[in-house]
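A.B. asks: Before we start, here is the structure in question, set down as structure tokens.
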Amino acid sequence: MADFNWKEKYKSKVTTAETAMKLVKSGDNIFIGTACAQPQHLVAALVEHSSHIYDAHIVHLLTMGNAPYTGEKYREKFKMNSFFIADNVREAFSKGIGDYSPIFLSEIPNEFESGRIPLDVALISVTPPDVNGLCSLGVSVDIVKSAASNAKYVLAQVNSRMPRTFGDSFIHVNNIDCLVPFDEDVFEITVPETDDVMRRIGENIARLVEDGSTIECGIGRIPQTLAEYLKDKKDLGIHTEMFSDWIIDLIECGAITCAKKTVNHGKIVASFCMGTKRLYEYINNNPFFEFYPSEYVNDPHLISQNEKMIAINVALEVDLTGQVCSDSLGYRFYSGIGGQVDFTRGAARSRGGKAIIAMPSTARSGEVSRIVPHLAEGAGVVTTRGDVHYVVTEYGIAYLHGKSIRERVLDLINIAHPKFRTELIQAAKTHKYIYADQIELDWDKVRYPAELERYDTLRDGTQIFFRPVKPNDEHELAEMLYSLSEKSVQTRYMTHTISFPHKDVQQLTNINYQKDVAIVGVVPGPSGDEHIVAMAQYFLDPKTQSAEVAFIVHDEWQQKGMGTYLLDYICKIAKQRGVKRFFAKVMPSNKPMLAIFHNSGYKVNTTFDGEVYNISYDLA
């Protein structure tokens with residue numbers, strides 16, 4: 001390979017950038033290679049040697065590095081049509097220079113092939129050809145391969161610093177019209193430092209990722225931070241539109257093996273990557289990575305064939321009904337549709353899959369909420385309310401799919417920034433999304449005690465997630481209460497029949513977390529949401545620092561040690577908060593509950609009034 005002189009063998013195709021640009025004519029549609037594989041030397045030459053060009057149309061997905069064709073002095077020479085608005089062209093778009101075409105990434109190649117978006121010239125980056133004449137498209141295959149296949153002329157910058165990648169990533173020199181040798185560093189992208197908000201988002205997303213999952217995740221602070229919380233996972237796979245440096249640490253710690261992947265077993269699959277030199281050196285000639293065109297990687301049907309497919313995408317804002325805007329700020333187009341819908345729909349149809357929209361709860365340094373009563377005027381819906389499954393912020397996880405508007409509203413408000421929750425509730429009442437009597441907590445003073453969340457294992461080996469009750473638990477709690485047996489209702493509420501209306505149940509779920517505490521035990525539901533199976537509460541009398549304690553465990557979860565665990569945990573919480581004494585009323589027939597109290601390790605005082613046992617004990 002080292003002795004192969006490709007310039008000599010293909011000397012009829014080898015030329016300079018200046019000469020290659022003579023193939024470009026006025027009115028041509030010119031494709032520019034994607035992202036960090038933008039052929040920067042060819043782009044500079046296009047502008048520099050454009051004296052003969054007028055009304056040419058630049059077509060691209062997103063490009064990194066310079067975009068000199070957007071300069072004011074080139075207005076008569078170059079127009080622009082982009083499928084995604086990156087930093088280098090955003091200012092030009094804000095001035096009305098160029099067009100934005102909203103389209104699913106999986107469908108762009110068909111536009112080239114059908115001729116609906118005709119291409120005359122494609123400017124691309126490639127590696128030097130091997131002995132068989134094959135050049136790798138390197139870090140960007142995506143829509144580049146389709147563009148090269150359908151353009152009249154292909155002008156390739158041959159860059160020996162471009163990583164050689166495997167997969168469906170090669171183009172033969174016979175399909176290239178001009179080979180322009182020019183070595184330059186592949187454009188590098190570094191991710192800003194993470195912060196506590198991003199760490200909480202990463203931690204929340206990681207809770208949704210099971211061992212053996214296949215993940216789609218891109219570039220930015222959320223993927224970079226998420227990776228920190230995936231290091232203990234096992235046999236993760238990757239099928240993603242793009243990736244960045246975060247992938248290396250997960251491979252080296254053994255979290256990513258691709259051993260459980262259903263499609264492209266044993267291989268990391270992507271269409272392009274963006275990162276640092278460390279990443280480019282890592283993927284160079286690395287058979288663990290395979291790059292494929294967007295029509296393959298982003299095909300929702302193919303994506304859905306990966307079991308436990310996890311799609312993680314971001315949003316600019318989400319309204320209270322679940323509509324997601326991710327490409328515009330009001331009337332201002334900011335980014336693009338990209339692969340969000342492709343992967344959201346693919347993951348939603350995967351067996352055990354999860355489609356996730358993640359974002360910080362606020363923007364503009366906390367001045368505005370990203371969860372809003374309605375999308376900003378002019379904002380577009382990228383992912384519909386019918387497509388949304390999970391929404392994640394630093395304040396938690398909202399599962400929306402299949403839920404009513406009222407349930408969605410309460411779930412989303414629960415993960416909004418606390419300082420915006422009251423106005424969101426009031427807006428929801430105005431729009432008749434929720435009941436007029438919905439309790440409005442004083443969120444400036446109420447803080448959800450996330451430190452009380454914990455996983456534990458019951459005596460039969462079942463893992464349960466215990467956490468403080470949340471306002472949006474009302475529906476799930478009512479469901480549990482109505483599904484209790486008559487015996488369980490009688491032992492808890494000391495009556496045979498009882499109803500659980502909204503006005504009563506919301507009193508149990510809307511608490512201030514300071515005076516009163518309620519801990520629920522939850523398990524994953526078949527649709528991906530949480531099911532409440534138990535609850536322990538205490539209600540404090542601040543004057544005496546004594547609290548009444550009560551428990552309820554669903555019939556199917558009794559005899560597993562749930563009550564014993566809940567009593568022990570809620571006692572610890574109460575002691576830490578200075579509660580001095582617990583008391584409770586227990587029916588004589590509720591022998592399991594009596595046994596739990598008497599085996600608690602505390603000195604229990606018991607009196608019988610003829611109907612119920614009165615239990616009390618000092619926590620000290």
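The values are calculated or read from the model by the stated rules, or taken from the named source; none is laboratory data. This one's a predicted model, so the numbers in the text were calculated from it and none came from an experiment. Quick reminder, even Gly has a Cβ in these numbers, built from the backbone with ideal geometry, and neighbours come from all protein chains shown.
A.B. asks: Among the listed residues 215, 201, which satisfies the condition of being over 25 Å from residue 292 (Cα atoms) and assigned by TED's automatic domain parsing to the domain that holds residue 366?
C.D. replies: Just a single option satisfies the conditions, and that option is 201.
A.B. asks: Tell me, yes or no, whether region 114-121 has at least one residue that is at positive phi, touching a strand residue (DSSP E or B) at 6+ places or on another chain (Cβ under 9 Å) and not in a strand (DSSP E or B). Spell out the reasoning first.
C.D. replies: Initial filter on region 114-121 (at positive phi): 115.
Next, from what is left, pick out any that are touching a strand residue (DSSP E or B) at 6+ places or on another chain (Cβ under 9 Å): none.
No, every residue in region 114-121 fails to be at positive phi, touching a strand residue (DSSP E or B) at 6+ places or on another chain (Cβ under 9 Å) and not in a strand (DSSP E or B).
A.B. asks: Do you know which of the residues in region 501-531 that are closer than 25 Å to residue 575 by Cβ and in a strand (DSSP E or B) is farthest from the chain's Cα centre (by Cα)?
C.D. replies: Of everything passing the filter in region 501-531, 517 is farthest from the chain's Cα centre (by Cα).
A.B. asks: Among the residues of region 488-495, are any farther than 28 Å from residue 207 by Cβ and either at pLDDT 95 or above or among the small types (Gly, Ala, Ser) (or both)?
C.D. replies: The answer is yes; a qualifying residue exists.
A.B. asks: Okay, next question. Out of everything in region 1-39 that is of a type in the set (S, T, N, Q) and surrounded by fewer than 16 Cβ atoms within 10 Å (Cβ to Cβ), what residue ends up being farthest from residue 127 (Cα to Cα)?
C.D. replies: Only one residue fits best here, namely 26.
A.B. asks: May I pose another question? Could you pull out every one of the helices (runs of 4 or more DSSP H) wholly within region 1-74 that has 3 or more residues that are touching a Gly at 6+ places or on another chain (Cβ under 9 Å) and not acidic (Asp, Glu)? I'd like the intermediate steps shown before the answer.
C.D. replies: Working: elements: 6-9, 17-20, 40-48.
So the answer is 40-48.
A.B. asks: Let me ask something else. Got a sec? Which of 448, 433 is over 24 Å from residue 197 (Cβ atoms), modelled with pLDDT of 90 or more, assigned to a loop (DSSP other than H, G, I, E, B) and among the hydroxyl-bearing types (Ser, Thr, Tyr)?
C.D. replies: None of the others qualify; the one that does is 433.
A.B. asks: Of all residues in region 523-571, count the ones that are free of Cβ contacts under 8 Å to residues at least 24 places away in the same chain and of a type in the set (D, E, K, R).
C.D. replies: Selection size over region 523-571: 3.
A.B. asks: Here's another thing I want to ask about it. Looking only at region 438-465, which residues are hydrophobic (A, V, I, L, M, F, W, C), under 29 Å from residue 428 (Cα atoms) and in contact with a Phe, Trp or Tyr (Cβ under 7 Å, 6 or more places away or on another chain)?
C.D. replies: 446 - this is the single residue of region 438-465 that is hydrophobic (A, V, I, L, M, F, W, C), under 29 Å from residue 428 (Cα atoms) and in contact with a Phe, Trp or Tyr (Cβ under 7 Å, 6 or more places away or on another chain).
A.B. asks: What do you reckon, is residue 379 of a type in the set (A, V, I, L, M, F, W, C), within 25 Å of the chain's Cα centre (by Cα) and surrounded by fewer than 20 Cβ atoms within 10 Å (Cβ to Cβ)?
C.D. replies: When the stated conditions are applied, residue 379 does not pass them.
A.B. asks: Another one. Look through 588, 592 and report the one residue that is of a type outside the set (Asp, Glu), in a helix (DSSP H, G or I) and more than 26 Å from residue 515 (Cα to Cα).
C.D. replies: One residue alone meets the criteria, 592.
A.B. asks: If you don't mind, another one. For region 504-536, give me each residue that is farther than 22 Å from residue 444 by Cβ, touching a strand residue (DSSP E or B) at 6+ places or on another chain (Cβ under 6 Å) and among the aliphatic types (A, V, I, L, M).
C.D. replies: 519, 520, 522, 523, 532, 533, 534, 535, 536
A.B. asks: Within region 149-228, considering only strands (runs of 3 or more DSSP E) that don't extend past its boundaries, which have at least 2 residues that are β-branched (Val, Ile, Thr) and within 29 Å of the chain's Cα centre (by Cα)?
C.D. replies: 214-216
A.B. asks: Something else now. Look at residue 428 and say whether it is without any contact (Cβ under 8 Å) to a residue 40 or more places away in the chain, farther than 24 Å from residue 514 by Cα and in contact with a helix residue (DSSP H, G or I) (Cβ under 9 Å, 6 or more places away or on another chain). Spell out how you get there, then give the answer.
C.D. replies: Working: without any contact (Cβ under 8 Å) to a residue 40 or more places away in the chain: no; farther than 24 Å from residue 514 by Cα: yes; in contact with a helix residue (DSSP H, G or I) (Cβ under 9 Å, 6 or more places away or on another chain): yes.
Spelling it out, it is not the case that residue 428 is without any contact (Cβ under 8 Å) to a residue 40 or more places away in the chain, farther than 24 Å from residue 514 by Cα and in contact with a helix residue (DSSP H, G or I) (Cβ under 9 Å, 6 or more places away or on another chain).
A.B. asks: Residue 566 fails exactly one of the following numbered conditions: (1) farther than 20 Å from residue 481 by Cα; (2) among the hydrophobic types (A, V, I, L, M, F, W, C); (3) surrounded by 15 or more Cβ atoms within 10 Å (Cβ to Cβ). What is the number of that condition?
C.D. replies: All conditions pass for residue 566, except number (1).
A.B. asks: A further question follows. Give the residues of region 135-167 that are farther than 19 Å from residue 13 by Cβ, surrounded by 22 or more Cβ atoms within 10 Å (Cβ to Cβ) and without any contact (Cβ under 8 Å) to a residue 60 or more places away in the chain, sorted by residue number.
C.D. replies: Within region 135-167, no residue meets the criteria.
A.B. asks: Which of the residues belonging to region 151-184 are of a type in the set (Val, Ile, Thr) and over 18 Å from residue 281 (Cβ atoms)? Before the answer, list the steps.
C.D. replies: Keep residues of region 151-184 that are of a type in the set (Val, Ile, Thr), which gives 154, 158, 165, 171, 173, 176, 180.
Passing the criteria: 154, 158, 171, 173, 176, 180.
A.B. asks: Please tell me if residue 121 is surrounded by 23 or more Cβ atoms within 10 Å (Cβ to Cβ) and under 32 Å from the mean Cα position of the chain (by Cα).
C.D. replies: Answer is no for this residue.
A.B. asks: If you check 233, 267, which single one turns out to be more than 24 Å from residue 163 (Cβ to Cβ), out of contact with any Leu (no Cβ under 6 Å at 6 or more places or on another chain) and not assigned by TED's automatic domain parsing to the domain that holds residue 34?
C.D. replies: Values: 267 fails: more than 24 Å from residue 163 (Cβ to Cβ).
Only one candidate qualifies: 233.
A.B. asks: Looking only at region 95-105, decide whether some residue is crowded, with 20+ Cβ neighbours inside 10 Å and at pLDDT 95 or above.
C.D. replies: The answer is yes, given that some residue of region 95-105 is crowded, with 20+ Cβ neighbours inside 10 Å and at pLDDT 95 or above.
A.B. asks: Residue 365 versus (1) of a type in the set (S, T, N, Q); (2) in contact (Cβ under 8 Å) with a residue 24 or more places away in the chain; (3) over 24 Å from residue 297 (Cβ atoms): which is the lone unmet condition?
C.D. replies: (2)
A.B. asks: Same structure again: If you check residue 473 against the conditions, is it touching a residue at least 40 places away in the same chain (Cβ under 8 Å), over 27 Å from residue 448 (Cα atoms) and either assigned by TED's automatic domain parsing to the domain that holds residue 208 or among the acidic types (Asp, Glu) (or both)? Full working, then the answer.
C.D. replies: On the way: touching a residue at least 40 places away in the same chain (Cβ under 8 Å): yes; over 27 Å from residue 448 (Cα atoms): no; either assigned by TED's automatic domain parsing to the domain that holds residue 208 or among the acidic types (Asp, Glu) (or both): yes.
Answer is no for this residue.
A.B. asks: Scan region 79-96 for residues that are under 24 Å from residue 26 (Cβ atoms), of a type outside the set (A, V, I, L, M), touching a Gly at 6+ places or on another chain (Cβ under 9 Å) and without any contact (Cβ under 8 Å) to a residue 40 or more places away in the chain and report the count.
C.D. replies: 2
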